[in-house]
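For reference, the structure is listed below as structure tokens.
The values are calculated or read from the model by the stated rules, or taken from the named source; none is laboratory data. Small disclaimer: the values here were computed from a predicted structure and weren't measured. As a convention, Cβ positions derive from the backbone with ideal geometry for all residues, glycine included, and neighbour counts pool all protein chains shown.
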Amino acid sequence: MLGAALLLAFAPVRAGAADIPEWLAAAALLKVADHSPETEAVYVLDERDVKVGRDGTILASCRMALRVLRPGGIDQARRLVVASGFDTRILSMKGWGVTEGRKTAKVTVKDVIETGLAPDTLYTDISIKILNVPGVEVGSLIGFEWEEERKPPSLEDIHTFQGPYPVERSRYSVALPAGWSADAYWVNWPPAEARTGTAPGAAKSMTWELAAIPGIEEEPLMPAMRALAGRLVVRFKAAQQDGRCFSGWSDIGAWYEALSKACRTPGPGVAEKARALAEGAPDTFSRLRAMAEFAQKKVRYVAIEIGIGGFKPHAAGSVLANLYGDCKDKATLLAALLQASGVDSCYLIVNTEKGCVDPGSPPSLYSFNHVILAIRLPDDVPDADLPAVVRHPRLGRLLVFDPTSPYTPLGRLPFYLQGNTALLVAEGSGELLPLPLPAPESNLLERRGRFVLDAAGTLQGEIEETRRGTLADAGRSALLNSTDFERRRYFETFLANFFAGFAIQSDEAVGLHDNARDLTLRYRFSVPGFAKTAGGITIVRPRVVGDKREKLEANNAGPRRYAIDFGGVSEQRDEFTIELAEGLGVEGLPPAADIDVGFAVYKSRTEQRDRTLVYQREYRMLQPVLPAARYDEAVRFFRAMDADQRQSVLLKK
């Protein structure tokens, strides 16, 4: 195979040559298993050695060796990316590139490129450090070595040993001071036994070794990489009570509540703003919505994270005065506004990549990347039309809301929260809380089109789209701040998927600025040559626009490895009527379709009503994630759907 062939052709690396460390020279001699021809690179070695100090400081020495097998693996193999922050200091970074027939390249910390975290972060003490090895090509062996010192708020360490490329050998070891212990939790991987012993300057050491770790190959509609990657979570326990030793989700919730409690206290300015927002509200829900929309739309998303600020929100009064903040700041301001109005709320900490946290996940402070709010609904607020409500056995009805999402109204959830799992921070504790998965009709796309087909085969008419839920969010995301030109280009790009040539006469979007309303899109257009004539028969596709299929087939022919993630549930309906030109009669109609596979339903039919063709179809996605074992069934479903939506009506003069 390709991987083995490259290794056999590579000259041995001598220890000490051109300042090559012995561990990298030894890694070059390790036998590498055969890999598929599509494999771009392989990790020959991945090691993390951790030493825990008596004060909880974590010192990690890391090594990594990669072999480049194909051109596509060069970019990742030549680059080491690490991050420093308030709790992490990068002490050293080194890299080597060994390529046959060329001088060995060496880079050190003086060659590091530093960059910020994100464009919407105004200031942060988090720094991304990138070390590039020059001259990497197919066949090169790349080695990296770095040290980091961590003083985290949670005494835990994480070793992620699986990613896009195979790993031949991975090792994690930890040395503990006297009286300390460690608990190991395996995620997306069967547990492995630790080898115990002693290490210099430590009372106890534990080592885990793994071999032949497969790479996570890309598949269509696969879950997030973090939801699939194998990793080891190690939690440390001090000899004496330490507030950083979190033994469960309840400890993490208690810590976060204590950290943030004072920040959400409503001062005079916040109370005055709450009263102003409540003025004129006809009922309690309208009052809640006014406050939610203020935090959502009037507080600009800007992050300032210094020290513990990566976890701790700014004070609500400060967020109100500046009118900017990140997710936890926006949630904190809204919590304070609600409290000033006599409404309680709780933080929800969540990972926006669904599947990364579930009831079986080990407790870890680093499982999450986002903060939202759970509002305790007052008794006079009905919830029949609020898909975002969770019923908690002690706290009652909780209305989940994300003030950071600019498009999702109070009462609904953005796509990344639907069916997700969050950590509820309440009453001095924390617990995992399943978030609601709404009914399919809560995420609606309905298209109604009225057309006329003339004798020359030109189709002309208008489509009106009604969008709700996540499908409305997607439309608002694309169009809310668009110019007239950009909005026209949006419709042109969509129609180009179905017609070789067309002309748009008009377009409009109604309800763009009101998240509580359905989004309505209207566009009028004409399609010359829509009807094709041959041998006296005219062929017309009754499904004018819209493609419901999902392309699941992967490039490789192997079995499906990972679950199929459809992104959410939805209901989509089409009705297109085509008035036929005088003298055209229907020669043949396609058969109706009715396919129900449990996780999805597809129905369609085409009818003739006088001189009008009426096409109707319904597509309901009922299950957002499908096990890999049902892959073949899903492929057959979408192939049958695609075959149906390609069918035509035969017309004859």
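Exactly one condition in (1) out of contact with any Pro (no Cβ under 7 Å at 6 or more places or on another chain); (2) among the charged types (D, E, K, R); (3) in contact (Cβ under 8 Å) with a residue 60 or more places away in the chain is false for GLU618; which is it? Condition not satisfied by GLU618: (3).
Against the definition (surrounded by fewer than 19 Cβ atoms within 10 Å (Cβ to Cβ), assigned to a strand (DSSP E or B), touching a residue at least 12 places away in the same chain (Cβ under 8 Å) and polar (S, T, N, Q)), how does SER477 come out, yes or no? Don't jump to the end; show me each part of the working.
Details: surrounded by fewer than 19 Cβ atoms within 10 Å (Cβ to Cβ): yes; assigned to a strand (DSSP E or B): no; touching a residue at least 12 places away in the same chain (Cβ under 8 Å): yes; polar (S, T, N, Q): yes.
No.
Of the residues making up the stretch 88-108, those that are farther than 22 Å from PHE161 by Cβ and either touching a Pro at 6+ places or on another chain (Cβ under 8 Å) or not assigned by TED's automatic domain parsing to the domain that holds LEU45 (or both) are GLY97, ALA105, VAL107.
Residues to consider are ALA426, ALA388; find the one that is free of Cβ contacts under 8 Å to residues at least 60 places away in the same chain and assigned by TED's automatic domain parsing to the domain that holds GLY253. Steps first, please.
Working: ALA426 fails: free of Cβ contacts under 8 Å to residues at least 60 places away in the same chain.
Result of the check over ALA426, ALA388: ALA388.
Are any of the residues in the stretch 276-289 outside any helix (DSSP H, G or I) and within 26 Å of the chain's Cα centre (by Cα)? For the stretch 276-289, residues outside any helix (DSSP H, G or I) and within 26 Å of the chain's Cα centre (by Cα): absent.
The residues on offer are THR577, THR520, THR533, THR493, and the sole one that is out of contact with any Cys (no Cβ under 7 Å at 6 or more places or on another chain) and crowded, with 18+ Cβ neighbours inside 10 Å is THR577.
The set of residues in the stretch 182-238 that are acidic (Asp, Glu) and either buried (at least 17 other Cβ atoms within 10 Å of the Cβ) or closer than 30 Å to LEU69 by Cβ (or both) comprises GLU209, GLU217, GLU218, GLU219.
Any chance you could count how many residues in the stretch 241-253 are among the polar types (S, T, N, Q) and without any contact (Cβ under 8 Å) to a residue 60 or more places away in the chain?
Kept after step one, since they are among the polar types (S, T, N, Q), are these residues of the stretch 241-253: 241, 247, 250.
If we keep only those that are without any contact (Cβ under 8 Å) to a residue 60 or more places away in the chain as well, we get 241.
Here the count works out to 1.
If the condition is being assigned to a loop (DSSP other than H, G, I, E, B), within 18 Å of GLN460 (Cβ to Cβ) and more than 38 Å from the chain's Cα centre (by Cα), then the stretch 515-549 contributes PRO528, GLY529, PHE530, ALA531. Selection over the stretch 583-616 of residues that are of a type outside the set (D, E, K, R), in contact with a strand residue (DSSP E or B) (Cβ under 7 Å, 6 or more places away or on another chain) and surrounded by 14 or more Cβ atoms within 10 Å (Cβ to Cβ) gives a count of 17.
State the number of residues belonging to the stretch 213-249 that are charged (D, E, K, R) and under 16 Å from THR160 (Cβ atoms). Give the steps one after another, and end with the answer.
In the first step, residues of the stretch 213-249 are kept if they are charged (D, E, K, R); the result is 217-219, 226, 231, 235, 237, 242, 244.
Pick out the ones that are also under 16 Å from THR160 (Cβ atoms) and you get 226, 231, 235.
Count: 3.
If you check GLU22 against the conditions, is it modelled with pLDDT of 85 or more, surrounded by fewer than 14 Cβ atoms within 10 Å (Cβ to Cβ) and among the charged types (D, E, K, R)? Working first, answer last.
Values: modelled with pLDDT of 85 or more: yes; surrounded by fewer than 14 Cβ atoms within 10 Å (Cβ to Cβ): yes; among the charged types (D, E, K, R): yes.
For GLU22, the condition - modelled with pLDDT of 85 or more, surrounded by fewer than 14 Cβ atoms within 10 Å (Cβ to Cβ) and among the charged types (D, E, K, R) - is met.
Residue-level analysis places LEU373 outside the set of residues that are surrounded by fewer than 20 Cβ atoms within 10 Å (Cβ to Cβ), of a type in the set (A, V, I, L, M, F, W, C) and in a strand (DSSP E or B). Could you check the stretch 209-255 and list, in sequence order, the residues that are of a type outside the set (Gly, Ala, Ser), assigned to a strand (DSSP E or B) and in contact with a Lys or Arg (Cβ under 7 Å, 6 or more places away or on another chain)? Across the stretch 209-255, the qualifying residue is only GLU209.
Report yes if LEU413 is part of a loop (DSSP other than H, G, I, E, B) and hydrophobic (A, V, I, L, M, F, W, C), otherwise no. Steps first, answer last, please.
Working: part of a loop (DSSP other than H, G, I, E, B): yes; hydrophobic (A, V, I, L, M, F, W, C): yes.
It is true that LEU413 is part of a loop (DSSP other than H, G, I, E, B) and hydrophobic (A, V, I, L, M, F, W, C).
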